[in-house]
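Peer 1: Have a look at this one.
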Amino acid sequence: MNKTTSPMKMAVVLTLGIIIILTLLILLKNYSTTPEAVVFDEQPPISGQPLLGNVDAPVSVVEFGDFKCPSCKAWGEAVLPLLEEEYINNGSVNFSYVNVLFHGEESEIGSLAAESVLKQSPSDYWTFHKQLFEAQPESQNHDNLWLTIDAVVDIANGIPSLDSSLLRESIEQQDEIAEVNKDTQLVNEYNVTSTPTVMINEKVVEDPFDYEMIKSIIEEELQEHE
Ligand code: CA
């Protein structure tokens, strides 16, 4: 009987086999080096922070934001309303906001004002928060001065249940600086380097403007906490 497998054929088959295996290994390696989302051991604590929605919601979304930051204004106008409509209003998600002071004195005035309103009249907080972002000029660059004590007091004047002279006093005396510092501590603890940074439970959203990504993380978390 004549054996048909010549050494030449064997070599070709072996070489092809090796090439296929190497290609598969390279493909698998590329798969596993896809960047992973940053996940902390614990979600940021939300007690003492302004809260929108159900305090016992299974999923918490936290925005690290700065009233001086144009992207934060844009996020609050474009993404937050979608979250409210789909998840916050029905109790599955709650939302809180942590102050970030990346733009100096104006960020500080905004933060002190917001903390002061939260203390004086918690039910007015989100109205004030929204109106302060609305007051940010559309075409502002970071160097434009607009977030002044007068501007903040003006906004408070338009909200009947707020005492605007009490607010002015509170900002001038830095009454709520401890709360502002508490937020800065969270900013450091969670390595926040840009605003807005958005976290869903323990996870940092890679692109806070990618609503589909936000949705898929929320759905995942809702299933996990069912
Ligand atoms: Ca705070």
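The values are calculated or read from the model by the stated rules, or taken from the named source; none is laboratory data. None of the values given here were measured: they were computed from a predicted structure. No Cβ is skipped: glycine too gets one built from the backbone with ideal geometry, and neighbour counts run over all protein chains shown.
Residues checked against (1) surrounded by 15 or more Cβ atoms within 10 Å (Cβ to Cβ); (2) of a type in the set (Asp, Glu); (3) out of contact with any Asp or Glu (no Cβ under 6 Å at 6 or more places or on another chain); (4) modelled with pLDDT under 95:
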site: 176; (1), (2), (3), (4): yes, yes, no, no
site: 193; (1), (2), (3), (4): no, no, yes, no
site: 199; (1), (2), (3), (4): yes, no, yes, no
site: 223; (1), (2), (3), (4): no, no, yes, no
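Peer 1: Which of the residues belonging to segment 93-116 are surrounded by 18 or more Cβ atoms within 10 Å (Cβ to Cβ), away from the ligand (no atom under 16 Å from the Cβ) and over 17 Å from the mean Cα position of the chain (by Cα)?
Peer 2: Scanning segment 93-116 gives a single hit, 106.
Residues checked against (1) modelled with pLDDT under 95; (2) in contact with a helix residue (DSSP H, G or I) (Cβ under 6 Å, 6 or more places away or on another chain):
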| site | (1), (2) |
| --- | --- |
| 27 | yes, no |
| 39 | no, no |
| 66 | no, yes |
| 88 | no, no |
| 94 | no, no |
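Peer 1: Continuing with the same structure: Looking only at residues that are touching a Pro at 6+ places or on another chain (Cβ under 6 Å) and of a type in the set (A, V, I, L, M, F, W, C) in segment 158-198, which one is nearest to the ligand (Cβ to nearest atom)?
Peer 2: Checked segment 158-198; the qualifying residue nearest to the ligand (Cβ to nearest atom) is 186.
Peer 1: Considering segment 117-148 alone, what residues qualify as being under 19 Å from residue 168 (Cβ atoms), within 15 Å of the ligand (Cβ to nearest atom) and among the hydrophobic types (A, V, I, L, M, F, W, C)?
Peer 2: Selection gives 117, 118, 128, 132.
Peer 1: Next question, about the same structure. For residue 216, indicate whether it is small (Gly, Ala, Ser), more than 16 Å from the ligand (Cβ to nearest atom), surrounded by fewer than 16 Cβ atoms within 10 Å (Cβ to Cβ) and more than 18 Å from the chain's Cα centre (by Cα).
Peer 2: For residue 216, the condition - small (Gly, Ala, Ser), more than 16 Å from the ligand (Cβ to nearest atom), surrounded by fewer than 16 Cβ atoms within 10 Å (Cβ to Cβ) and more than 18 Å from the chain's Cα centre (by Cα) - is not met.
Peer 1: Looking at segment 43-57, I want the residues that are under 21 Å from residue 120 (Cα atoms) and have a partner that is hydrophobic (A, V, I, L, M, F, W, C) and surrounded by 18 or more Cβ atoms within 10 Å (Cβ to Cβ) with Cβ atoms under 7 Å, at least 6 apart or on another chain. Which pairs are those?
Peer 2: Cβ pairs passing all conditions: 46/62; 49/98; 50/118; 52/88; 52/95; 53/88; 53/93; 53/95.
Peer 1: For a quick check of your reading: which helices (runs of 4 or more DSSP H) sit entirely within segment 143-226 and have at least 2 residues that are among the hydroxyl-bearing types (Ser, Thr, Tyr)?
Peer 2: 164-172, 211-224
Peer 1: When you check residue 134 against the structure, is it at pLDDT below 95 and surrounded by fewer than 20 Cβ atoms within 10 Å (Cβ to Cβ), yes or no?
Peer 2: no
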